[in-house]
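The values are calculated or read from the model by the stated rules, or taken from the named source; none is laboratory data. All values reported here derive from a predicted model rather than from experimental measurement. Quick reminder, even Gly has a Cβ in these numbers, built from the backbone with ideal geometry, and neighbours come from all protein chains shown.
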Amino acid sequence: MPGGDFHPWLFFILAAWILICGLGVVAFKKVMYSAASMVACFLGVAFAYALLNAPLVAVVQILVYVGAISIVIIFAIMLTEVQDGGYDLFFNRQAVLAAPLAVAAAAVLTVVVVTADVGQIGDKALNPSVKGISLLLFKGYVFPFELVSLVLVAAMIGALVLARKEEEKS
Amino acid sequence: MNALYWWLTLAVLLFCIGAFGVLVRRNVIVVVMCLELMLNAVNIALVAISNFRAGALGAGTLFSLFIITLAAAEVTVGLAIVIANYRNRRTVQTDQYDELKG
């Protein structure tokens with residue numbers, strides 16, 4: 001049973017929520033419904049982080065995923081939604097092959113994960129507090145931290161350059 | 001069964017749903033959304049392992065923070081490419097991006 005300071009059923013309700021919303025992203029025909037389902041899924045994942053004793057990650061998940069990434073995706077949907085219509089097929093022909101493949105991959109991965117020897121594990125929750133994480137981040141991982149900021153600047157400039165309108169060439 | 005395995009199974013299932021979506025959907029934006037689902041699945045696995053495995057001491061949590069940051073960068077650039085492509089081709093369907101077809 002999933003351990004922690006919460007009732008085990010909470011885990012199963014949460015897992016069902018996350019998986020059903022994830023399936024909704026794949027199955028909804030309208031892109032906007034997919035996006036709404038994705039937001040619900042991200043909220044569920046944030047709740048999962050909270051249950052896993054990682055409140056910082058839960059808050060960052062809500063800020064970045066539910067807040068920022070969803071907005072960007074919804075903007076993109078609104079900018080690109082095809083008005084010419086008539087494109088009803090939302091699965092392509094690979095679905096026939098991909099469905100058994102995905103189920104088989106899920107089965108194999110589940111067996112591997114459950115039988116894997118991941119070393120010593122206990123039922124105690126071990127995630128450090130926010131203080132512990134920040135100590136780890138700013139002591140051991142300063143270089144990756146700075147590198148990530150560089151990546152963010154590069155991504156920002158790259159997105160601006162890619163999405164801006166081409167100037168008229170004389 | 002240990003608590004960790006339940007969380008890892010949840011992560012595996014979410015990952016496979018995301019992978020299935022990436023394989024079958026036509027709309028590029030939905031493909032990006034399914035990629036995000038896969039990244040979230042990996043994050044759940046990392047945080048769960050960091051929570052239950054002695055000796056990891058928060059490294060998994062830290063890595064999930066890095067992954068969230070990079071996912072934000074990835075989504076920005078990816079959707080910029082989608083919009084630039086849409087401007088040229090007026091479509092977001094993957095099977096209509098076929099300029100390179102001989």
Q. Can you pull out the residues in segment B:60-70 that are within 7 Å of chain A (Cβ to nearest Cβ) and among the aliphatic types (A, V, I, L, M)?
A. B:62, B:65, B:68, B:70
Q: Only residues in segment A:63-80 that are more than 14 Å from residue A:45 (Cα to Cα) count as the first member; pair them with residues that are of a type in the set (S, T, N, Q) and assigned to a helix (DSSP H, G or I), Cβ under 7 angstrom, at least 6 apart or cross-chain, and list the lot.
A: A:72/B:76
Q.
Given the criteria part of a helix (DSSP H, G or I), crowded, with 18+ Cβ neighbours inside 10 Å and within 14 Å of the chain's Cα centre (by Cα), does residue A:36 qualify?
A. no
Q) Only one of A:136, A:147, A:162 is under 20 Å from residue B:61 (Cα atoms), at pLDDT 85 or above and at the interface with another protein chain (Cβ under 7 Å from one of its Cβ atoms); which? A) A:136
Q: Tally the residues that are at the interface with chain A (Cβ under 7 Å from one of its Cβ atoms), polar (S, T, N, Q) and closer than 14 Å to residue A:159 by Cβ, restricting the search to segment B:73-95.
A: 1
Q. Of the residues in segment B:48-102, how many are of a type in the set (A, V, I, L, M, F, W, C) and more than 16 Å from the chain's Cα centre (by Cα)?
A. 15
Q.
Suppose we keep only residues that are at the interface with chain A (Cβ under 8 Å from one of its Cβ atoms) and of a type in the set (Val, Ile, Thr) within segment B:12-28. Which one would you say is farthest from residue A:45 (Cα to Cα)?
A. B:24
Q. Conditions: (1) at the interface with chain A (Cβ under 7 Å from one of its Cβ atoms); (2) of a type in the set (Val, Ile, Thr); (3) surrounded by fewer than 21 Cβ atoms within 10 Å (Cβ to Cβ). Residue B:31 meets all but one. Number of the miss?
A. (1)
Q | Residue count, segment A:96-127 (criterion: modelled with pLDDT of 80 or more and surrounded by 13 or more Cβ atoms within 10 Å (Cβ to Cβ)) | A | 10
Q: Within segment B:1-11, count every residue that is surrounded by fewer than 19 Cβ atoms within 10 Å (Cβ to Cβ) and more than 7 Å from chain A (Cβ to nearest Cβ).
A: 1
Q: Those residues that are under 18 Å from residue A:73 (Cβ atoms) and surrounded by fewer than 24 Cβ atoms within 10 Å (Cβ to Cβ), I need them from segment B:12-27; list them, please.
A: B:22, B:26, B:27
